[in-house]
């Protein structure tokens, strides 16, 4: 049975994705990267955006006005409409 949610596995991660996965494991002190992060890695620019290029920033969600602007831009990129069944 295949996974219904696309994801980049930890063993399949290379380059910057592998580095971010390692940072997530270190910051959260976990042995595995959660599916949400592995799924974000399938979206071009999604994982770096999700961790704000700094997983430690996940401990404090205030990303400032420039990051909120990026969040609005990302949300309007069509990704959100795909979740609602749009194309």
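Throughout, read-outs are computed from the coordinates displayed, never taken from laboratory work. Since we're looking at a predicted model, the values are computed, not measured. All Cβ positions, glycine included, derive from the backbone under ideal geometry; neighbour counts span all protein chains shown.
On the beta carbon distance between residue 25 and residue 5, with R0 = 35 Å, the FRET formula returns roughly 0.95. Peptides 10-16, 39-45 ranked from most to least packed, by the mean per-residue count of other Cβ atoms within 10 Å: 39-45, 10-16.
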